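Peer 1: Got a structure for you, questions after.
Nothing in this text is a laboratory measurement; each read-out follows from the coordinates by a stated rule. As the structure is a computational prediction, the values presented were derived from the model and not from experiment. All Cβ positions, even for glycine, are placed from backbone atoms using ideal geometry, and neighbour counts span all protein chains on display.
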Number of protein chains: 2
Amino acid sequence: MNEFVSIQLERNSKEPLYLQLSNSIYSLIEQNKLRSNAKLPAIRKLAELLKVNNSTVVNAYKHLENKNILYSQKGSGTYISPIPLEKLSTNIPQINQTTKHHVEITKDTLNLATISISPELFPVQDFKRLLNTVLDKDGGNAFNYQDSQGYLPLRESICDYLGYHNVRTTPDKIQIISGAQQGIDILSKGLLHYGDVLFVEKPTYRGAIANFQSRGAKIIEIPLEEDGIDLDVLENNMKLFHPKFIYIMSYYQNPTGISYSLEKKHALIKLANKYDTYIIEDDYLGGLNYSNEPYIPLKAFDYKNRVIYIKTFSKILMPGLRFGFIVLPQKILQSVLAAKHTTDIATSGLIQRTFDLYLRSNLWKKHIKEMCNYYQKRYELLVLELSTLSDHLSFVLPHGGLSIWVKFKNVNVEDLTAKLLSKNVLVSPASAFSLDPEIYPYIRLSFADVELERIPEAISIIKEIVQSQNNKAISIEPLL
Amino acid sequence: MNEFVSIQLERNSKEPLYLQLSNSIYSLIEQNKLRSNAKLPAIRKLAELLKVNNSTVVNAYKHLENKNILYSQKGSGTYISPIPLEKLSTNIPQINQTTKHHVEITKDTLNLATISISPELFPVQDFKRLLNTVLDKDGGNAFNYQDSQGYLPLRESICDYLGYHNVRTTPDKIQIISGAQQGIDILSKGLLHYGDVLFVEKPTYRGAIANFQSRGAKIIEIPLEEDGIDLDVLENNMKLFHPKFIYIMSYYQNPTGISYSLEKKHALIKLANKYDTYIIEDDYLGGLNYSNEPYIPLKAFDYKNRVIYIKTFSKILMPGLRFGFIVLPQKILQSVLAAKHTTDIATSGLIQRTFDLYLRSNLWKKHIKEMCNYYQKRYELLVLELSTLSDHLSFVLPHGGLSIWVKFKNVNVEDLTAKLLSKNVLVSPASAFSLDPEIYPYIRLSFADVELERIPEAISIIKEIVQSQNNKAISIEPLL
């Protein structure tokens with residue numbers, strides 16, 4: 001309640017007390033003294049503190065609620081809405097791709113920023129053989145226009161692949177795409193209109209945010225917990241904003257590495273159904289599992305037809321393939337198909353036919369197994385190395401994936417990132433994953449393209465900088 | 001002036017005469033009795049006809065001009081604006097891809113609708129050899145993420161290719177795309193905001209219109225003449241609407257087959273500069289030339305940096321390649337690059353590297369020459385066959401390309417199209433190429449995928465239907 005002590009009400013003013021109180025609360029929000037989703041004091045308590053009637057506080061809260069600045073939750077209290085009204089009526093500034101620092105990557109660079117696997121792990125020989133099989137078998141047809149929805153035999157083999165992961169669907173529900181980013185793009189086109197609201201996890205993948213913004217959509221960030229999105233905050237926001245969809249990553253979320261619990265998966269589908277919205281599940285890494293937890297996509301539980309499932313093989317197979325697929329609820333099939341046609345007509349027939357053979361030959365099973373074995377070693381070593389730095393950092397152990405989301409103590413992570421860059425070590429700080437200008441004390445450390453034997457070197461460089469920062473005895477309070 | 005005779009003004013009404021006259025003219029526009037860009041009567045003449053003062057007509061014209069319903073041109077007169085105000089404030093309805101008839105194409109089908117070349121003409125063996133060269137040489141790198149702008153050696157070889165066609169540019173101005181449709185898509189994203197106005201040729205390619213519409217843009221269609229866009233109508237509209245860009249096809253325009261004269265090319269660049277806008281030149285077929293006229297893209301004359309040049313090889317090489325490039329003016333480079341990144345990160349590295357070798361080996365020169373020889377025979381035969389039907393149709397002879405835009409006399413082309421379909425002959429009627437619901441008496445007949453020996457068969461089926469239509473002695477006045 002400390003923030004509220006500062007509120008001064010003028011009893012002799014012409015302005016009603018409840019309006020003065022409303023404005024005071026609004027100012028506190030504007031000054032960032034009250035944060036999104038923070039709980040407001042109980043009515044009686046605030047009335048006592050300010051020496052006003054209960055009804056003054058009730059009216060002030062109601063006034064702000066009508067403006068969507070606050071929201072109330074039955075039996076729980078009143079909260080700060082995640083986006084103040086004036087933001088909802090303007091566009092969030094575009095992320096400018098061009099202001100990114102250009103970084104020269106050499107073979108000496110310790111690249112803990114990328115989540116793309118090393119090119120030497122790509123199954124190039126398998127693909128070369130299959131490419132030639134396609135060219136011998138299909139000739140010019142491999143280079144002709146394809147059905148916009150995708151090559152039918154491939155959509156059939158994708159159904160088999162999905163069945164293996166407990167997702168049951170039919171070829172008519174599948175849309176072939178040129179990579180996950182295109183999946184996001186055509187869903188934007190097919191589902192979003194200018195000014196629509198959608199939800200994303202906070203933090204999340206900026207490439208998705210940039211695309212949604214380019215459609216003129218309003219984006220609301222919902223915080224993540226260790227087992228998935230914060231369901232209370234989610235529901236409160238659903239009541240207020242009727243989102244077109246919620247964009248999530250159910251496994252090894254980028255950047256936090258968290259995976260959704262079974263309970264949260266079920267609850268999420270129920271909520272989507274209750275509030276008549278969709279969930280876009282971006283399964284960008286699924287299957288790269290080092291734990292005993294089974295890998296079952298959210299889509300497998302989708303008995304309400306609420307999940308739009310995007311699957312790419314870019315990350316764990318070959319990013320330059322530019323290939324993936326979406327499984328769509330019947331209701332939105334046609335608008336997404338039309339969006340694909342308007343976007344680039346169809347995905348390369350040669351790649352589609354080659355990937356069809358790749359799936360049918362079950363080569364993907366062998367590849368995923370090899371990738372798991374290969375990356376589990378790096379994962380375990382990175383965890384071991386990081387645990388020697390427990391005075392300076394902490395992390396939630398992910399069940400799989402290619403990175404660890406590390407929380408630093410008493411360290412300015414932007415400063416740390418810059419110092420690491422000067423030592424030819426690349427990392428991804430938290431600011432790369434949210435619209436919120438606030439700096440969180442997190443860095444994503446990826447092991448997708450760092451040789452096993454160089455992991456200790458990377459960690460010792462981090463250690464050196466962190467310890468020298470601390471030795472300067474500048475105690476910086478963590479912001480989150 | 002016939003339409004104006006019907007105007008009735010009430011001299012005893014409270015409503016001023018000039019407003020009554022304004023409303024009457026507006027009604028005539030609404031009833032389609034006055035068409036876009038039609039010239040209004042001279043002030044004195046209309047005043048005489050309606051027995052009112054000159055000032056009444058002046059005020060009525062001015063009133064409608066203020067509402068952008070009319071526009072005036074100095075020394076020339078007053079005209080009907082191409083889009084009435086109320087249309088400018090609402091969205092033009094989306095083209096619905098899904099309502100298209102689904103047509104079963106068999107080997108018996110006479111497909112004069114497609115402008116994609118026959119798959120047996122694709123240089124598959126050359127590509128197969130080059131693909132394998134890339135895989136042997138580059139291994140996994142061919143499947144890794146590529147620079148969003150495109151593979152640098154390819155951008156260099158594109159500069160050489162362009163130099164051969166008198167377009168001089170540098171690799172930093174080139175953006176690699178996954179086909180021309182994606183070029184249109186990322187230009188939409190990079191340049192258009194909701195509600196922006198742009199111009200297209202009338203008629204034009206519907207895939208472009210559908211994309212621009214999906215960005216919430218307002219589209220104004222500017223009529224074509226035999227040597228390019230109507231410059232007077234264009235300039236009048238530029239004064240009124242400040243378009244973000246003008247989308248044109250400079251060679252063998254789709255669907256009309258016309259090519260721009262040298263004079264119109266120069267004039268177009270001058271106008272774009274004067275009114276501070278861009279021209280998107282979609283060079284979808286350029287080079288497939290059967291005349292002695294040289295093939296020089298508009299971009300070659302672009303001394304003012306006003307031309308955005310989209311080049312695809314889909315149509316004359318292999319549509320399933322999903323490959324092309326854009327040459328961009330410096331000023332818009334960064335926003336288009338960001339749009340590409342948001343859309344699909346990058347175009348397939350394997351295809352880019354293979355195409356680089358294809359360009360460097362100069363195999364494209366051989367291929368274009370072969371295509372020209374091959375299609376010129378079909379073109380000449382189709383022209384010959386059509387000339388036997390001169391009682392029923394006429395056409396402007398295109399300098400090249402893959403189709404002829406045929407104007408029918410006393411024939412309902414929608415009816416003709418349906419009858420042809422029932423006889424397994426596919427054609428593209430005018431309604432497929434414009435937003436205007438008015439039916440023009442044109443059909444596009446393409447010879448991209450009809451065997452030479454079957455062209456007479458197709459024409460004889462058309463002849464049969466047309467003659468039987470005429471024998472019914474239902475004289476339908478051509479609408480254009």
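Peer 1: Within 10 Å of each Cβ in A:207-215, how many Cβ atoms from other chains are there, averaged over the peptide?
Peer 2: Mean shielding count: 3.
Peer 1: Same structure again: Provide the FRET efficiency to the nearest 0.05 for the A:E457-B:N273 pair, computing r from the beta carbons and using R0 = 51 Å.
Peer 2: Calculated value: 0.35.
Peer 1: Report relative contact order for chain A in percent, whole number only (criteria: Cα-Cα under 8 Å, sequence separation at least 6).
Peer 2: Relative contact order for chain A comes out at 18 percent.
Peer 1: A further question on this structure: How big is the convex hull of the Cα atoms of the stretch B:254-360, per residue, in Å³?
Peer 2: In the stretch B:254-360, the Cα convex hull volume per residue is 142 Å³.
Peer 1: What value does the stretch A:139-361 have for Rg/Rh, both radii from Cα atoms and Rh as Kirkwood defines it?
Peer 2: In the stretch A:139-361, Rg relative to Rh is 0.95.
Peer 1: Might you report the magnitude of the Cβ-based charge dipole of the protein assembly as shown about its Cα centre, with Lys and Arg at +1 and Asp and Glu at -1, to the nearest 20 debye?
Peer 2: Here the protein assembly as shown has a charge dipole of around 1220 debye.
Peer 1: Per residue of A:397-409, how many C-beta atoms from partner chains lie within 10 Å of its own C-beta, taken as a mean?
Peer 2: 0
Peer 1: Also, quick follow-up: Simple spin-label model, 7 Å along Cα-to-Cβ: B:N424 to A:V58 in nm?
Peer 2: Distance between the two pseudo-spin positions: 8.0 nm.
Peer 1: Determine the dipole magnitude for chain B: charges of +1 sit on the beta-carbon of Lys and Arg, -1 on that of Asp and Glu, nothing else is charged, the reference point is the Cα centre, and the result goes in debye to the nearest 20.
Peer 2: So the dipole magnitude of chain B works out to roughly 940 debye.
Peer 1: Of A:K62/A:K218; B:K270/B:K311; A:K369/A:K409, which sit over 26 Å apart, Cα to Cα?
Peer 2: Violating the 26 Å Cα-Cα cut-off are A:K369/A:K409.
Peer 1: Let me ask something additional. Once both labels are modelled 7 Å past Cα along the beta-carbon direction, what's the A:D136-B:E65 spacing in nm?
Peer 2: 7.5
Peer 1: Restricting the calculation to Cα positions, tell me the Rg (one decimal) and the Dmax (whole number) of the stretch B:130-189 in Å.
Peer 2: 13.5, 38
Peer 1: For chain A, just the Cα atoms, rotate onto the principal axes and tell me the three extents in Å, largest first.
Peer 2: Sorted largest first, the three principal extents are 90, 57, 41 Å.
Peer 1: Separation of the stretch A:227-274 and the stretch A:128-196 by C-alpha centroid, Å?
Peer 2: So the separation of the two Cα centres works out to 26 Å.
Peer 1: Follow-up. From the cross-link list A:K137/B:K107; A:K299/B:K315; A:K315/B:K137; A:K340/B:K377; B:K173/B:K244, which pairs have alpha carbons spaced over 28 Å apart?
Peer 2: The pairs that break the limit, which is 28 Å between Cα atoms, are A:K299/B:K315; A:K340/B:K377.
Peer 1: With runs of 4+ DSSP H residues as the only contributors, calculate the mean residue ellipticity of the protein assembly as shown at 222 nm using -39,500 (n - 2.57) per run, divided by the residue total and rounded to the nearest 500.
Peer 2: -12500 deg cm²/dmol
Peer 1: Show me the three semi-axes of the equivalent ellipsoid for the stretch A:368-471, from the C-alpha gyration tensor (sqrt of 5 times each eigenvalue), largest first, rounded to whole Å.
Peer 2: After scaling each eigenvalue by five and taking roots: 23, 16, 13 Å.
Peer 1: Toward the positive end of the charge dipole of the protein assembly as shown, about the Cα centre and with charges on Cβ (Lys, Arg +1; Asp, Glu -1), which of A:S72, B:S348, A:I25 goes farthest?
Peer 2: A:I25
Peer 1: Any idea what the A:S291 label distances to the other copies are, label 7 Å down the Cα→Cβ vector, nm, shortest first?
Peer 2: Those label-point separations list as 6.9 nm.
Peer 1: To the nearest 20 Debye, how big is the dipole of the stretch B:139-361 about its Cα centre, given +1 on the beta carbon of each Lys and Arg and -1 on that of each Asp and Glu?
Peer 2: 500
Peer 1: If you wrap a convex hull around the Cα atoms of the protein assembly as shown, how much volume per residue is inside, in Å³?
Peer 2: Measuring per residue, one finds 210 Å³ for the Cα hull of the protein assembly as shown.
Peer 1: Please compute, for the alpha-carbon atoms of the stretch B:246-317, the extent along each of the three principal axes and give them in descending order in Å.
Peer 2: 35, 24, 21
Peer 1: Compute the Kirkwood hydrodynamic radius of the stretch B:182-274, taking the inverse of the mean of 1/r over all pairs of distinct Cα atoms, and give it in Å to one decimal.
Peer 2: 13.4
Peer 1: In whole Hz, what ³J(HN,Hα) sequence does the stretch A:253-268 give by Karplus (6.51, -1.76, 1.60; θ = phi - 60°), x for Gly and Pro?
Peer 2: So the J values, rounded to whole Hz, are 3, 9, x, 6, x, 6, 10, 6, 6, 4, 4, 5, 4, 4, 4, 5.
Peer 1: I'd like the mean, over residues of A:234-244, of how many other protein chain beta carbons sit within 10 Å of each residue's own Cβ.
Peer 2: 0
Peer 1: Here is a further query. Can you tell which of A:Y295, A:G320, A:Q182 lies farthest toward the positive end of the dipole of the protein assembly as shown, using +1 and -1 charges on the Cβ of basic and acidic side chains (Lys, Arg; Asp, Glu)?
Peer 2: Result: A:Q182, furthest along the dipole toward the positive end.
Peer 1: Then there is this: Averaging over all projection directions, find the projected area of the Cα convex hull of the stretch A:341-399 and quote it in nm² with one decimal place.
Peer 2: The orientation-averaged projected area of the Cα hull of the stretch A:341-399 comes to 7.3 nm².
Peer 1: Could you compute the FRET efficiency for B:Q376 and A:S361, with r as their C-beta to C-beta distance and R0 at 56 Å, rounded to 0.05?
Peer 2: The calculated FRET efficiency here is 0.80.
Peer 1: Using only the C-alpha atoms of the stretch B:17-87, find the volume of their convex hull and express it per residue in Å³.
Peer 2: Here the figure is 80 Å³ per residue.
Peer 1: Take A:L9 and B:N32, extend 7 Å from each Cα along the Cα→Cβ direction, and tell me the distance between the two endpoints in nm.
Peer 2: Distance between the two pseudo-spin positions: 6.6 nm.
Peer 1: A follow-up question, please. Quick check: net charge around B:P223, other residues with Cβ under 9 Å of its Cβ, Lys/Arg +1 and Asp/Glu -1?
Peer 2: -3
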